[in-house]
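Asks: Mind looking over this structure? Questions follow.
The values are calculated or read from the model by the stated rules, or taken from the named source; none is laboratory data. All figures in this text were calculated on a predicted structure; none of them were measured in a lab. Positions of Cβ are backbone-derived with ideal geometry, glycine not excepted, and every protein chain shown enters the neighbour counts.
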Amino acid sequence: MARSGRNVLVLHGPNLNLLGERETGIYGVRSLAELNAALRKKARELGLTLKIFQSNHEGRLIDLLHANRKWASAVVINPGAYTHYSYALRDAVAAVSLRAIEVHLSNIKKREPFRRVSVIAPVCEAQISGKGFGSYVAALERLAKG
Ligand code: DQA
């Protein structure tokens, strides 16, 4: 499928498949399926087309960026813990030259010191953190504005 300025790749990184069970005091009680449903609804309202993937594997996330680089015009990525140390994922985000927004459910600036550093953020146009599902929604709204 050809690239359209409205095509957005959404990548959820490791452990986000356990949303709703995982550390619910931090990440909430709603599941990844509920998050994806909310994103699809918002995308319809904004006129965006989404492809959404979750992986627990760094290489798989990199492969998904490569495979969709000619389809997508932008990426919304929650790299999970890879945020804090994956230079390989950072290089992949930079390599595909797409608009990229890093998102986090929790406020990574107000948690453990190791979470305050993102090695991915410098190759993204924005980092949106601490708004729960709203972090992803805000990213879609920003991309839809062009
Ligand atoms: C997270 C924050 C990361 O530090 C953590 O490793 C995650 C989730 C978030 O969405 O708040 O897995 O990316």
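Asks: What is the one condition in (1) among the small types (G, A, S); (2) in contact (Cβ under 8 Å) with a residue 24 or more places away in the chain; (3) within 16 Å of the ligand (Cβ to nearest atom) that G134 does not satisfy?
Replies: Going through the list (1) among the small types (G, A, S); (2) in contact (Cβ under 8 Å) with a residue 24 or more places away in the chain; (3) within 16 Å of the ligand (Cβ to nearest atom), G134 breaks only (2).
Asks: Restricting attention to the stretch 81-97, does a residue exist that is of a type in the set (V, I, T) and touching a residue at least 60 places away in the same chain (Cβ under 8 Å)?
Replies: yes
Asks: Of the residues L9, L50, L65, which is part of a strand (DSSP E or B), away from the ligand (no atom under 15 Å from the Cβ) and touching a helix residue (DSSP H, G or I) at 6+ places or on another chain (Cβ under 6 Å)?
Replies: It is L50.
Asks: On to the next question. Can you find even one residue in the stretch 18-37 that is under 20 Å from L143 (Cβ atoms) and more than 16 Å from the chain's Cα centre (by Cα)?
Replies: no
Asks: Condition first: of a type in the set (S, T, Y) and near the ligand (Cβ under 8 Å from one of its atoms). Now tell me which residues in the stretch 103-123 satisfy that. Quick ask: steps written out before the conclusion?
Replies: Within the stretch 103-123, the first condition is being of a type in the set (S, T, Y), and the residues that meet it are 106, 118.
Residue satisfying the conditions is S106 alone.
Asks: Next question, about the same structure. Considering only residues that are surrounded by 20 or more Cβ atoms within 10 Å (Cβ to Cβ) and not hydroxyl-bearing (S, T, Y), which ones fall in the stretch 99-126?
Replies: A100, I101, E102, V103, H104, L105, I108, I120, C124
Asks: Now for a separate question. Give the stretch 84-97 a look and list any residue that's among the hydrophobic types (A, V, I, L, M, F, W, C) and more than 16 Å from the ligand (Cβ to nearest atom), or say none.
Replies: Hits for the stretch 84-97 are A88, A92, A94, A95, V96.
Asks: Between A100, A37, A81, which is within 13 Å of the ligand (Cβ to nearest atom), small (G, A, S) and modelled with pLDDT of 95 or more? Walk me through how you get there before you give the answer.
Replies: Values: A100 fails: within 13 Å of the ligand (Cβ to nearest atom); A37 fails: within 13 Å of the ligand (Cβ to nearest atom).
Answer to the check: A81.
Asks: Check whether at least one residue in the stretch 29-52 is of a type outside the set (D, E) and under 22 Å from V117 (Cβ atoms), and report yes or no.
Replies: No, the stretch 29-52 has no match at all.
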